[in-house]
Each structure stands twice: as structure tokens, then as C-alpha cells.
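Colleague: Take a look at this one; I'll ask things after.
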């Protein structure tokens with residue numbers, strides 16, 4: 001079954017206009033982690049609501065949460081057809097460090113077939129695609145081949161902290177047969193892929209305090225604990241010398257891969273030397289006994305994301321700081337519980353506090369469990385067929401090392417599986433300076449979403 005040719009032609013005709021709309025969307029600095037951008041978050045939500053309303057006869061609502069609003073839209077004019085819930089997020093990461101950007105992060109710029117701006121790959125470009133596909137179907141045929149609901153949140157980049165409560169409170173509103181996520185990213189640019197699993201997340205921040213104030217390192221050095229030295233020792237205690245996490249109980253609930261699962265991962269076309277060259281690393285490291293992809297996709301990790309304290313300005317300041325700080329996150333695999341992992345890591349840290357220091361720990365306000373989808377799921381088959389039609393090859397079946405909280409939340413609360421159908425790719429520097437989205441991926445994504453919806457329209461409920 002091919003997609004409606006007139007719909008595809010309409011999308012192709014309007015490529016430039018859709019790119020212009022993405023550029024307009026990306027000028028809004030919708031940084032969810034910074035309270036200074038509260039008005040920008042509201043402006044981005046309004047932009048999304050207006051785009052949905054302009055797409056066609058969708059019922060559109062902006063629903064407040066204790067944090068940033070959820071933009072919801074629906075069209076249920078296809079009786080007897082599947083209902084698909086489309087997910088995306090309009091919030092973005094901070095642009096820092098600004099000096100690393102070649103062009104300003106809030107001034108979207110096209111260079112060499114790429115659109116550069118904060119948020120264009122994660123997730124504004126991908127989430128705009130299904131809106132414009134709905135618009136094309138309504139413009140050409142007056143209807144969409146499925147019942148469609150849209151839910152765009154504004155807190156994904158801060159852990160979707162209010163999403164679980166929103167789902168619990170709006171289960172009837174969100175009822176569907178499957179979730180199609182515009183967030184998630186494909187593995188590589190040279191091969192289409194579908195993701196069937198993602199890791200969970202747990203995090204905490206810790207502070208070690210020594211003296212009650214900063215001290216002169218000549219007068220007091222050698223007589224009192226230096227929290228920076230102590231923090232280095234404490235952080236080092238979290239791993240064995242071979243890279244395995246040293247926290248007692250950390251691996252107790254981890255499922256070992258089957259021989260078939262390991263063989264499927266090993267069969268993927270992964271060039272490790274090329275990967276290391278791409279990221280600028282001299283060699284791969286990690287838990288022994290597993291390949292790089294197995295470690296990145298199927299094993300839990302404990303990473304230090306930030307470590308600071310003392311004087312960081314130019315020149316020297318001979319001081320023993322009173323405090324040292326660190327931020328830690330753990331990526332989790334199926335059956336691991338974020339709260340339990342936080343408890344285990346906390347116990348380890350408390351048992352290894354260096355002499356002369358005091359430890360305080362603040363868990364992150366929201367964790368996420370790992371999630372997965374069966375490889376024979378009907379919506380995954382439709383996505384596979386759509387990608388095959390666009391690219392001429394079947395997509396690779398891969399896993400995700402990162403965390404997208406929605407998949408586990410919808411699975412646990414509503415029994416809904418999530419198909420990741422994003423057209424960003426992992427090399428597009430999202431969360432880093434000079435984030436970009438390839439313009440041709442915008443066009444390919446429009447075609448693939450249209451084809452996928454047509455295929456889902458053929459599925460019997």
C-alpha cells in the first residue's frame with residue numbers, strides 16, 4: 001500500500017514553507033530548566049497550539065500542569081480505525097556554552113543543507129513533522145486515515161517531572177491503541193533504524209563539606225580535610241578498576257542477554273574504530289565482558305556528570321574550599337527501579353565518606369524506568385514498511401542508550417507501547433553547541449509519517 005500520492009505531492013510542494021515554520025519555531029528560547037525562560041516556555045506552547053489549530057479541524061487545548069503546559073489536540077473522525085497518540089516536546093536544552101556556537105543558537109541558520117539552532121533536532125523539527133502531515137491530509141482529502149491525538153509536553157528536558165501525574169489524571173483523554181513518538185532519534189544517518197528499547201534514569205547530587213568556611217591553604221593545609229581531595233576519593237570508590245560499578249546490589253536485578261540477543265547486536269554494522277574517531281576518543285572502556293554496543297544499550301551505568309568546588313577563576317587562589325560537589329546519573333535496564341538504585345548508591349556513598357568531611361545527598365526529583373517494545377508489534381511493522389518505502393531498505397532494529405520517560409510511563413499506566421519515529425540522528429549535536437537538523441531529513445520524515453499513517457489505517461482493530 002502506498003501513501004496517498006496527492007498528500008505526498010502536497011508535502012513536497014510545501015517543503016520550503018514548512019522549513020520556514022521550523023525556523024520560526026526554533027527562534028523561541030524554550031529552555032525548560034531555567035526559570036528565566038518561563039515566558040518563552042508559554043510562548044512556545046502557544047506557537048504549538050496555533051500550529052495544531054491551523055492544521056485542520058483538530059480540537060486543541062492547552063492544559064496547565066504544576067510546571068509547563070501540555071498542548072493537546074485530537075481528531076476522531078475515522079470510526080473503526082486505530083487511534084494513534086503522537087508525542088513530542090517543545091522544550092529544549094540550554095545553549096551554553098554560547099562561545100562555542102558558530103551562529104547564535106536562537107537565530108536559526110541554514111548551512112550546507114543543515115539547519116543550525118538549539119532545539120531543531122531535539123525535538124522541534126521532528127515534532128513539527130506530524131503536525132504538517134496532518135495538515136496535508138486535511139488539505140487534500142479532508143480527513144486523516146486514522147484517529148489521531150497529539151500530546152506535546154514542555155518538560156522532557158527536565159525529566160518529564162509532571163508527566164506521570166498528567167497521564168494518571170487524563171487516561172480517558174489520552175486513550176489510544178499505540179503511541180507514535182516524534183522524539184527519540186535514529187542511530188545513524190546512513191541507515192534508517194527503529195528503536196525497540198531504551199534505558200531508564202536515576203540521578204542524585206552530593207556535597208562534601210569540610211571546614212565551615214574556606215581556609216588559607218598555607219595556614220591550614222595538612223591539618224584539615226580538603227573536600228576536593230575527599231570527593232575525588234569518594235567518586236573513585238564507585239567503580240572497580242576494571243570499570244564495573246562497585247555499588248553493592250547494583251546489578252542484582254539486571255537481566256542477562258540471551259545468546260540470540262547478543263548475536264543480533266553483534267550482527268549490526270558497527271565500526272568501532274570509526275565510532276571512536278567520530279567522538280574523539282582514543283579507545284573504548286567500560287564494564288568487562290561486553291561489547292561497546294552491549295554496554296551502551298543493555299547494561300546499567302553510573303556516570304559522573306559534574307564535579308566542582310573551590311576557586312575556578314584565572315590565576316591561583318591558595319584556598320582549601322569548604323565544599324565540593326558532584327552530580328551523578330545512572331542509566332538503568334529492565335527490572336531496575338530508580339528509587340532502589342538511588343538507595344543503593346546513597347548507602348555506598350555514606351559508607352565511604354572520607355574522614356573529616358560531612359556528606360549530604362539530594363536525589364533528582366524524577367527517575368525513569370527502562371522500556372521496550374516487541375519486535376513484531378503492528379505499529380513497528382507499519383513504521384518499518386514506511387521507512388522501507390522512503391529509503392529502499394528495511395531499517396535496522398536497534399536500542400537506545402538514552403532515556404525517553406514517556407515510553408515506560410505509557411506502558412506502565414495505560415498498557416500502551418511506543419514506537420519511536422523521529423528523523424533526527426544521534427550525530428546532530430543535540431544538547432551541545434551547534435545543534436543541527438538535516439533539511440533532507442525534514443522532507444523524508446514528512447513522507448514517512450504520511451506513509452506510516454496510511455499503513456496504520458489498514459490495520460484492523
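The values are calculated or read from the model by the stated rules, or taken from the named source; none is laboratory data. Every value quoted in this text rests on a predicted model; they were computed, and no experiment measured them. Note that we place each Cβ from the backbone using ideal geometry, even for glycine, and neighbour counts take in every protein chain shown.
Colleague: Which residues, counting only those in the range 398-410, are in contact with a strand residue (DSSP E or B) (Cβ under 6 Å, 6 or more places away or on another chain) and outside any loop (DSSP other than H, G, I, E, B)?
Modeller: Across the range 398-410, the qualifying residues are 398, 399, 400, 405, 406, 407, 408, 410.
Colleague: Here's a follow-up. Would you mind telling me which numbered condition in (1) under 21 Å from residue 401 (Cα atoms); (2) surrounded by fewer than 19 Cβ atoms within 10 Å (Cβ to Cβ); (3) not assigned by TED's automatic domain parsing to the domain that holds residue 396 residue 352 fails?
Modeller: All conditions are met except number (1).
Colleague: Continuing with this model, one more query. Please pick out the residue among 361, 320 that is over 30 Å from residue 82 (Cβ atoms), in contact with a helix residue (DSSP H, G or I) (Cβ under 8 Å, 6 or more places away or on another chain), modelled with pLDDT of 95 or more and surrounded by fewer than 16 Cβ atoms within 10 Å (Cβ to Cβ).
Modeller: Answer to the check: 361.
Colleague: Among the residues of the range 330-345, count how many are surrounded by 23 or more Cβ atoms within 10 Å (Cβ to Cβ) and more than 20 Å from the chain's Cα centre (by Cα).
Modeller: So the count comes out to 2.
Colleague: Tally up the residues in the range 409-424 that are surrounded by fewer than 23 Cβ atoms within 10 Å (Cβ to Cβ) and either free of Cβ contacts under 8 Å to residues at least 40 places away in the same chain or out of contact with any helix residue (DSSP H, G or I) (no Cβ under 7 Å at 6 or more places or on another chain) (or both), please.
Modeller: Count: 3.
Colleague: Separate question: Any residue that is over 22 Å from residue 267 (Cβ atoms), at pLDDT below 95, in contact with a strand residue (DSSP E or B) (Cβ under 9 Å, 6 or more places away or on another chain) and not in a loop (DSSP other than H, G, I, E, B) - is there at least one of those in the range 411-427?
Modeller: Yes, the range 411-427 contains a residue that is over 22 Å from residue 267 (Cβ atoms), at pLDDT below 95, in contact with a strand residue (DSSP E or B) (Cβ under 9 Å, 6 or more places away or on another chain) and not in a loop (DSSP other than H, G, I, E, B).
Colleague: For the range 184-204, state whether one or more residues are closer than 30 Å to residue 358 by Cβ, surrounded by fewer than 20 Cβ atoms within 10 Å (Cβ to Cβ) and touching a residue at least 60 places away in the same chain (Cβ under 8 Å).
Modeller: Looking for residues that are closer than 30 Å to residue 358 by Cβ, surrounded by fewer than 20 Cβ atoms within 10 Å (Cβ to Cβ) and touching a residue at least 60 places away in the same chain (Cβ under 8 Å), one finds at least one in the range 184-204, hence yes.
Colleague: Shifting gears a bit: Against the conditions (1) in a helix (DSSP H, G or I); (2) surrounded by fewer than 24 Cβ atoms within 10 Å (Cβ to Cβ); (3) in contact (Cβ under 8 Å) with a residue 40 or more places away in the chain, where does residue 67 fall short? Just the number, please.
Modeller: Failing condition for residue 67: (1).
Colleague: Only residues in the range 90-104 that are touching a residue at least 40 places away in the same chain (Cβ under 8 Å) count as the first member; pair them with residues that are in a loop (DSSP other than H, G, I, E, B) and surrounded by fewer than 16 Cβ atoms within 10 Å (Cβ to Cβ), Cβ under 7 angstrom, at least 6 apart or cross-chain, and list the lot.
Modeller: Sorted first by the residue in the range 90-104, then by its partner, the pairs are 93/431; 94/33; 94/34.
Colleague: Let me ask another. Restricting the range 1-48 to residues that are without any contact (Cβ under 8 Å) to a residue 24 or more places away in the chain and touching a strand residue (DSSP E or B) at 6+ places or on another chain (Cβ under 8 Å), which is surrounded by the most Cβ atoms within 10 Å (Cβ to Cβ)?
Modeller: In this case the residue turns out to be 37.
Colleague: In the range 373-392, which residues are assigned to a loop (DSSP other than H, G, I, E, B), surrounded by fewer than 17 Cβ atoms within 10 Å (Cβ to Cβ) and in contact with a helix residue (DSSP H, G or I) (Cβ under 8 Å, 6 or more places away or on another chain)?
Modeller: 374, the sole residue that qualifies.
Colleague: Please specify each residue of the range 175-214 satisfying the condition of being outside any strand (DSSP E or B), within 30 Å of residue 308 (Cα to Cα) and touching a strand residue (DSSP E or B) at 6+ places or on another chain (Cβ under 8 Å).
Modeller: Matches in the range 175-214: 199, 210, 211, 214.
Colleague: With respect to the numbered conditions (1) touching a strand residue (DSSP E or B) at 6+ places or on another chain (Cβ under 8 Å); (2) surrounded by 11 or more Cβ atoms within 10 Å (Cβ to Cβ); (3) not in a helix (DSSP H, G or I), which one is the sole condition not fulfilled by residue 270?
Modeller: Against the list (1) touching a strand residue (DSSP E or B) at 6+ places or on another chain (Cβ under 8 Å); (2) surrounded by 11 or more Cβ atoms within 10 Å (Cβ to Cβ); (3) not in a helix (DSSP H, G or I), residue 270 comes up short only on (1).
Colleague: Then there is this: Looking only at the range 194-203, decide whether some residue is within 26 Å of residue 426 (Cα to Cα) and more than 18 Å from the chain's Cα centre (by Cα).
Modeller: no
Colleague: Okay, moving on. Can you confirm whether the range 140-158 contains a residue that is out of contact with any helix residue (DSSP H, G or I) (no Cβ under 9 Å at 6 or more places or on another chain), more than 25 Å from residue 58 (Cβ to Cβ), surrounded by fewer than 24 Cβ atoms within 10 Å (Cβ to Cβ) and at pLDDT below 95?
Modeller: Yes, some residue in the range 140-158 is out of contact with any helix residue (DSSP H, G or I) (no Cβ under 9 Å at 6 or more places or on another chain), more than 25 Å from residue 58 (Cβ to Cβ), surrounded by fewer than 24 Cβ atoms within 10 Å (Cβ to Cβ) and at pLDDT below 95.
Colleague: Quick one: would you say residue 54 is assigned to a helix (DSSP H, G or I), surrounded by 21 or more Cβ atoms within 10 Å (Cβ to Cβ), at pLDDT 95 or above and in the same structural domain as residue 165 (by TED's automatic domain parsing)?
Modeller: It is false that residue 54 is assigned to a helix (DSSP H, G or I), surrounded by 21 or more Cβ atoms within 10 Å (Cβ to Cβ), at pLDDT 95 or above and in the same structural domain as residue 165 (by TED's automatic domain parsing).
Colleague: Tell me yes or no: at least one residue of the range 284-297 is outside any strand (DSSP E or B), free of Cβ contacts under 8 Å to residues at least 12 places away in the same chain and loosely packed, with under 12 Cβ neighbours inside 10 Å.
Modeller: yes
Colleague: When residue 225 is evaluated against the numbered criteria (1) touching a residue at least 40 places away in the same chain (Cβ under 8 Å); (2) within 21 Å of residue 355 (Cα to Cα); (3) outside any loop (DSSP other than H, G, I, E, B), which criterion, by number, is the only one it fails?
Modeller: Unmet condition: (3).
Matching residues to (1) within 18 Å of the chain's Cα centre (by Cα); (2) under 25 Å from residue 63 (Cβ atoms):
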| site | (1), (2) |
| --- | --- |
| 135 | no, yes |
| 179 | yes, yes |
| 228 | no, no |
| 236 | no, no |
